Structure formats: structure tokens, C-alpha cells
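Colleague: I have a structure I would like to understand better, so I am pasting it below and will then ask my questions one at a time.
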Amino acid sequence: MLGLMQSQPLLISSLIDFAERHHADAEIVSRRVEGDIHRYTWKDVATRARQLANALDGMNLPFSGRVATLAWNGYRHLELYFGVSGSGRVLHTINPRLHPDQITWIVAHAEDQVLCFDMSFLPLVQAVHARCPSIRQYVALCEADKLPADTGIPNLVSYESWIGGHATRYEWPSFDENSASSMCYTSGTTGNPKAALYSHRSTILHAYAAALPDVMCLSARDSVLPVVPMFHVNAWGIPYSAALAGCKLVLPGGLLDGKSVYELIEAEQVTFAAGVPTVWQTLLGHLKSEGLRFSALKRTVIGGAACPPAMLKAFRQDHGVEVLHGWGMTEMSPLGTLCALKKKHLSMPIEEQWTVLAKQGRAVFGVEMKIVDDDGNDLPWDGKACGDLYVKGPWVVREYFKGEGGDPLVYQNGVGWFPTGDVATIDSDGYLQITDRSKDVIKSGGEWISSIEVENIAMAHPAVQIAACIGMKHPKWDERPIVVVVKKPGAEVTKQDLLESYEGKIAKWQMPDDAVFVEAIPLGATGKMLKTRLREMLKDYCLPGVLTSL
Ligand code: ADP
């Protein structure tokens, strides 16, 4: 056929080539695990990614061979993103907060051959290496002189000596854009973890979409801080989108407390940051207690767990920072929806705008979504009908790595949809609102209660640091909600006060039966509340008026 456009595979190597050619001097600033600040540019990332690719060729790591990382957000991790995938291998980012047994299981399952780790994870690697027979090369992400002489780990080199001797010239190979580029295991809260295997094509399309104005709105004028870790779903794709847009990138290392994050934001004049709500909660707490303000920050994407409206308001009203509430998942690379207003919303009263902004948002082009009832029938987009959320699109998983768990898709009229495990409404403007994860849904007297809604009300109380709503067995109603709360340091609130704050906000039967104060709510490896652990913690708890825990 005549007249078609050029067919060029969408490959990750093209991103780093582009960043080098067009944004060579845009900065990459990293807080290293050693504590100091490291600065260089996209040109340096590209040069060293090529050296790394030569090192991988040098050890004859085959096409699609897996290179694992146990690392914080930092420049060497960034080089691995491009050098490993660009040369045709698969980058396997491992969450270092997982249990060592899970890590050894994952390494064996992925058949990782190289493991690169930050020095802060040396003790972890020392504990697991004997159980990782597939690894033939360990690489400590440090200079040669920072590597202790006797670590007990075989075949261990420092990253700098590993790539240092290699040529800076490298011809990135061309191959099928549907080849695997990177992988990430889901947290495996039920059963063994399963890996989403991203492709070059899915990653590039996702990178384009993430940079769009109503998504992350990334430009060559931005200084971008992914607080979201590079070990979880490719830091929401930010490293790739930043290369595509030519952003300055600020990588925070392992120091994610409010003070450290604030100082970095100010020092590097960060304009855009992204992370899960728990990180921002700590940051806002620090700003408040110290009376601080942001001088450059304009936007944040908060997602990975529901962003309480109180947090949204605090950012906008107290700090003039726009919050985009986002929803996604590991199986979706991860972006699904982002919440930006439409033109027609701008003339609405501010309270109505808040109602829209508290939702998880509109689908990003590339993601199709729908909600269905228990029989799989499509539900209307009326903002009321609540059902299981299904998605499909070019960056949504088709099958887990090695086909684990069988075919995950649900087929309707021959079309495969991925069931997200989330329960949601969608309104007539296409705004998605997640009410629960299906496994967290609370069913009381046959009616669903949204745990997110109950949590959001508690989080709006000035004395509440973090709140989780869980269902407790009840002899009559099956389940009743309780709210488990961690108070802000030094703040006081009684159980009665807190429960009274629900008056008039939700229906009586949706209000929690009890408020339980705890020192801490267990958080998972990605900073999300672990409700399964919380339920275990409270296994001897009895609802008021119920005699035994059921
Ligand atoms: P896991 O924690 O299982 O590895 P992901 O990190 O992929 O999973 O998390 C995906 C899940 O996180 C979603 O299915 C949803 O339940 C929850 N989630 C993500 N973003 C939001 C949000 N903005 N609001 C509510 N829930 C969210």
C-alpha cells in the first residue's frame, strides 16, 4: 500500500537518545544513599547507560535476560532503566521492603541473572544470596572503594568498576517493540506475587500519555520529583516521561521523611512531585508544624491509594499547590485515571469543584473502562451505580509473567477486559470514583459501605493523622464498619468527638460503630495501609454490644 507513515518500533532506547540530543544539559539531581547530593545531566545518563549496555554484552547476558534491582530513586538506578531495557534485557525492579523469603522467591521466579543493589541493602543481599542460585553477577551501586573487602557475596563488583572500563559508544539494537522491557511483581496480598511484564511499546505509549496536560503535564520547564519509588511500577513511568519531555529530574534516595522531602523540593525548585498519600501526609505535617511554605511547587499527583479530600484542600488552600488525584495499578503500568477539571467545572461553586476533584478522575486516552454488576452486565455512568471496574488498553496486562494464575481477563463478546478488583462508580462526565477494593468492601445488612468515604471523613478531623475503616463481623448485620485512627502527635480527640464528626455527612447506618485509637497502622511495602494486617491486629476486638469476636 502506498502512502503510509514510517514504521519504526517504539523502543526505550529512543527515549534516552532523544533526551541526550535535545535535553543534554537538563539536570538529574540525586540524593545518594551516602547522604550527599549528586548532579549530572541527561547526556551523562545516556553515556553511562551505553557503558552499562556494553557491560551486559560483555557478560553475554542474553536478549530478555533479567537484571534485578534493589534500589532507591537515584541516578544509577536511572541508568539501569535505560541501559538494561535499551539493550534488550528486562529490568526487574524488586521492592526492598518485601520479606527476604519473598525476595528469594521472586528472584527465582524471574530467573534474575544480575542483581544490582544500593549499599543500604547490603545486609539484605548478604542474607539472601545463598538462596539465589540464578544470580551470576552481583553489582553494588557504589564506587569501588566503597565496597567492603569481605562481604561474603560471590561475584560481587562495584557498579563503577563494572561499567567503568567499558566504551561509551554503543549501537542500541532494534527489535520488536512488543519485546519485554521491564517487570514488576504485584504485592501478592493473596497468594504468591505475580509479575506484570511491560513491553517497549506499552512503556512508550504510557510515557506519551503520562506527559499530557491533564495527566502529569510534564515539560522541559519542570523540575520533577518522583517520590514514588523506582522499584514500584517504574515510578509511575516518570523516568521515561521525563526523558521524553526533557525535564529536570530530582531523585530523593531513601530519605522520605517530611523534612528531607521538603528540603529537596526547595533546594531543587521542584515544580511537580508524585507519590502516595502517606508520604504527603508526613510532608504536610512537617510544613504545618514548622510554618513552612513552598516556593516553586505547582502540582502533585497523589495516587496509589485514595487521597483524602482534606489533603487535597490543604495543598490547594494552604499552599496553592494543585493536586491531581490519580488511580492506577501495577497491571496498568500504572496510569488509569487522573482528576483534572473540565472547562465547564470552572464556573461552578468551589464546593462543587471539590466534589469533582476528590474523585479518582477521567480515563487517560489509551485506557478504556467500565463498571459491571455481579452478572457482568454493564452499569450506567450515573455516578450512583456501583460495580466491579474492568479496564483494557495497550498498557494493561494481557497475561502475567509465565502465565501465572491462568488467563486473568474476563471475556465479553470476544473482548478481553482486565478485572481490576476495585469497586467504583463512574459519572456522566466519565469521572471514576473508587469506593473500595473488592476485598475490603464492607457489607452491612446487605448494603455496601464505602470504606474510603468513612476514612475520608475521619481524615478531615484536625487531630487525625491517618485512618482506616474496616468491617467487623456482626451477628445481625453481617459486618459493621469501625474506624481505626492514629492521632497526630500531640493532638487529642475522644472517641465520641470523632464519631460525632460523622453526623450529617453520611447516612446513619454507614457511620462507624466504633473508633479505635492505635499507635500505628501497618503500611505495606509501597506505603499503603495493610488492612489484612490491621484485621489480624484487631482479631480479639469486639464491636460495642457484641460479646465475643466472631
Ligand atoms: P498492589 O498494592 O496490589 O501492588 P498496586 O500498587 O498496583 O497494587 O495498587 C493498585 C490498587 O491500589 C488499585 O487497584 C486500587 O485498589 C488502589 N488505588 C490506587 N490508586 C488509588 C486511588 N487514587 N484511590 C483509591 N484506591 C487506589
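The values are calculated or read from the model by the stated rules, or taken from the named source; none is laboratory data. Keep in mind it's a predicted model, so treat the numbers as computed, not measured. Ideal geometry is used to build each Cβ from the backbone, glycine not excepted, and the neighbour counts take in all protein chains shown. The protein model used for the area step is the full one, side chains on, heavy atoms only, and it has no ligands, DNA or RNA in it. Shrake-Rupley method; radii C 1.70, N 1.55, O 1.52, S 1.80 Å.
Colleague: Answer with yes or no whether Ala207 is away from the ligand (no atom under 14 Å from the Cβ), modelled with pLDDT of 95 or more, open to solvent by less than 10 Å² (accessible area, probe 1.4 Å) and part of a helix (DSSP H, G or I).
Modeller: yes
Colleague: If you don't mind, there's one more thing I want to ask. What number of residues within the stretch 430-457 satisfy the criterion of being at pLDDT 95 or above, more than 11 Å from the ligand (Cβ to nearest atom) and either over 19 Å from Asp378 (Cα atoms) or out of contact with any helix residue (DSSP H, G or I) (no Cβ under 8 Å at 6 or more places or on another chain) (or both)?
Modeller: Total satisfying the criteria: 1.
Colleague: Collect the residues in the stretch 433-462 that are more than 27 Å from the chain's Cα centre (by Cα) and open to solvent by less than 30 Å² (accessible area, probe 1.4 Å), keeping them in residue-number order.
Modeller: Result: Ser444, single match.
Colleague: Out of the strands (runs of 3 or more DSSP E) lying entirely within the stretch 155-199, which hold 2 or more residues that are at pLDDT 95 or above and closer than 17 Å to Phe231 by Cα?
Modeller: Working: elements: 156-158, 180-185, 195-199.
Answer list for the stretch 155-199: 180-185, 195-199.
Colleague: On to the next question. Pairs under 9 Å by beta carbon, first residue of a type in the set (Lys, Arg) in the stretch 158-183, partner at pLDDT 95 or above, six or more apart or different chains?
Modeller: Hits for this filter: Arg169/Arg50; Arg169/Asn54.
Colleague: Here's another thing I want to ask about it. Restricting to the stretch 244-275, name every residue that is touching a His at 6+ places or on another chain (Cβ under 8 Å) and hydroxyl-bearing (Ser, Thr, Tyr).
Modeller: Tyr262
Colleague: Shifting gears a bit: Can you tell me which residue in the stretch 288-306 is modelled with the highest pLDDT, limited to those that are over 16 Å from Pro226 (Cα atoms) and not in a loop (DSSP other than H, G, I, E, B)?
Modeller: Only one residue fits best here, namely Glu290.
Colleague: Turning to a different aspect of this structure: Looking only at residues in the stretch 216-248 that are among the aliphatic types (A, V, I, L, M) and over 24 Å from Ala305 (Cβ atoms), which one is least open to solvent (accessible area, probe 1.4 Å)? Full working, then the answer.
Modeller: To start, the set of residues in the stretch 216-248 that are among the aliphatic types (A, V, I, L, M) comprises 216, 218, 220, 224-225, 227-228, 230, 233, 235, 238, 242-245.
Narrowing further to those that are over 24 Å from Ala305 (Cβ atoms): 220, 243-245.
Numbers: Ala220: 57, Ala243: 0, Leu244: 39, Ala245: 16 Å².
So, considering only residues that are among the aliphatic types (A, V, I, L, M) and over 24 Å from Ala305 (Cβ atoms), the one least open to solvent (accessible area, probe 1.4 Å) is Ala243.
Colleague: Another question, if that's okay. Working only within the stretch 521-543, note down all residues that are within 13 Å of the ligand (Cβ to nearest atom) and hydrophobic (A, V, I, L, M, F, W, C).
Modeller: Listed by number, the residues that qualify are Leu523, Ala525, Met529, Leu530.
Colleague: For residues that are farther than 28 Å from Gly416 by Cα, touching a strand residue (DSSP E or B) at 6+ places or on another chain (Cβ under 7 Å) and part of a helix (DSSP H, G or I), scanning just the stretch 314-371, find the one that is nearest to the ligand (Cβ to nearest atom).
Modeller: My answer is Leu357.
Colleague: Scanning the stretch 306-348 for residues that are in contact (Cβ under 8 Å) with a residue 40 or more places away in the chain and farther than 23 Å from Val233 by Cα, which turns out surrounded by the fewest Cβ atoms within 10 Å (Cβ to Cβ)?
Modeller: Looking at the filtered set, the residue picked out is Lys342.
Colleague: Within the stretch 229-284, can you find the residues that are within 24 Å of Leu205 (Cβ to Cβ), within 16 Å of the ligand (Cβ to nearest atom) and assigned to a helix (DSSP H, G or I)?
Modeller: Listed by number, the residues that qualify are Val233, Asn234, Ala235, Trp236, Ile238.
Colleague: Scanning the stretch 407-426 for residues that are assigned to a loop (DSSP other than H, G, I, E, B) and under 25 Å from the mean Cα position of the chain (by Cα), which turns out farthest from Ala306 (Cα to Cα)?
Modeller: Result: Asp407.
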